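Colleague: Have a look at the structure that comes next, please.
Coordinate-derived values only; no laboratory data. All values reported here derive from a predicted model rather than from experimental measurement. In this analysis, Cβ positions are derived from the backbone assuming ideal geometry, glycine residues included, and neighbour counts consider all displayed protein chains.
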Amino acid sequence: MPEPADLLLRPIGYVRSAVRERKSMPPLGAAASVEVLPEFAGGLLRIEKHSHLWVLAWLDQAQREILEVTPRGVADRSPAGLHGVFAVRSPARPNPIGLTLTRIVAIAGLRIDCERLDFLDGTPVIDLKPYFVTRDAAMAANNAPIGRPRDREALRESLTLQAVNFHGERCSELALAVRVVEHFRATQFEMGEPDGWDVTVPLGRPCVVDAIIGMTRATPGRDTLAFAGAEEIVFRHAGQEWTYSLDEGEEPLTPRRT
Ligand SMILES: [Zn+2]
């Protein structure tokens, strides 16, 4: 197959971030900006119609010759831990294009402030596209686990992002639900996810319900989510049951186990 003569990319802007080395990059990225070059200013017209943006970047420091990697979070360094580069988000790939979804925090002229980007300072940006909730949100999608969060803090941050992405705001009820799921995963699944959820949520605590759906993707229609009147979250797995009480005054992180 001949290569098309116009398969050439040029940066439309650059990432501005406090993070300058890959080893300092938090797993989910850090607050950063995209500075669009003046000749592409017209491309930003009406971008404020969107809350979230796909940012595509050229990862100029990435390895391009390898096709199998041991992803971050996979402890097994043997061949059993290898994954193809098209099956992971590793920067190593033949065409080192980074793709990250971010919430727009502010737009100031040619600068777009992003809630989080996992691109280093100075990374060339090759495209921006709006995130369309009507076609990009596949809530029934599934991923078999690739690795585990490196510590409780990384797990909490990941869970908070999942909960906020569904619920739309950070509130104290969401934070409570995050603590419960974090505790359940950390103590029962070594921070990984169970192979399928079976959870009962409190009908009278709508923010908790939203947060649980965001973190588990459990739904009534798939028979993985049930509602009850009690002020508690109940997880079931492999014939066991863990009940986290949300009653005022009770410490929620000591589940009753049956
Ligand atoms: Zn809320």
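Colleague: Based on the mean of other Cβ atoms within 10 Å per residue, sort peptides 139-149, 92-102 so the most packed one is first.
Modeller: My ranking of the peptides, most packed first, is 92-102, 139-149.
Colleague: Mind pulling the angle between the C-alpha long axis of helix 206-216 and the longest principal axis of the chain? Nearest 10 degrees, somewhere in 0 to 90.
Modeller: 60
Colleague: Turning to a different aspect of this structure: Assuming R0 = 22 Å, can you tell me the calculated FRET efficiency for the pair Met25 and Ala75, based on Cβ-Cβ distance, to the nearest 0.05? Please list the in-between numbers first.
Modeller: Values: r = 20 Å, r/R0 = 0.89.
E(calc), rounded to 0.05, equals 0.65.
Colleague: Which three extents, in whole angstrom, do the alpha-carbon atoms of the stretch 148-228 cover along their principal axes, largest first?
Modeller: 32, 27, 17
Colleague: Based on Cα coordinates alone, diagonalise the gyration tensor for the stretch 13-136, multiply each eigenvalue by 5, take square roots, and list the semi-axes in whole Å, largest first. Intermediate values should be presented prior to the final figure.
Modeller: Working: eigenvalues 161, 45, 37 Å².
Equivalent-ellipsoid dimensions as semi-axes: 28, 15, 14 Å.
Colleague: Also, I was wondering about something else. In Å, what is the Rg of the alpha-carbon atoms in the stretch 190-258, and how long is Dmax?
Modeller: 11.7, 34
Colleague: Right, something else. Rounded to two decimal places and with Rh computed the Kirkwood way over Cα pairs, what is Rg over Rh for the chain? Walk me through the numbers on the way to the answer.
Modeller: Values: Rg = 20.8 Å, Rh = 20.6 Å.
In the chain, Rg relative to Rh is 1.01.
Colleague: For the chain, what does the helix formula give at 222 nm: sum of -39500 (n - 2.57) over DSSP H segments with n ≥ 4, over the residue count, nearest 500 deg cm²/dmol?
Modeller: Numbers: 4 runs with 48 residues, N = 258.
Per the formula, -6000 deg cm²/dmol.
Colleague: Measure out, as a whole number of angstrom, how far apart the alpha-carbon centroids of the stretch 125-148 and the stretch 1-63 sit.
Modeller: Cα centroid to Cα centroid, the span is 17 Å.
Colleague: Quick check: residue separation of Ala137 and Ile107 times 0.36 nm, minus the Cα distance between them. What number comes out in nm? Write down the numbers at each step before the final one.
Modeller: Details: separation 30, 0.36 × 30 = 10.80 nm, distance 2.38 nm.
Extra length from Ala137 to Ile107 when fully extended: 8.4 nm.
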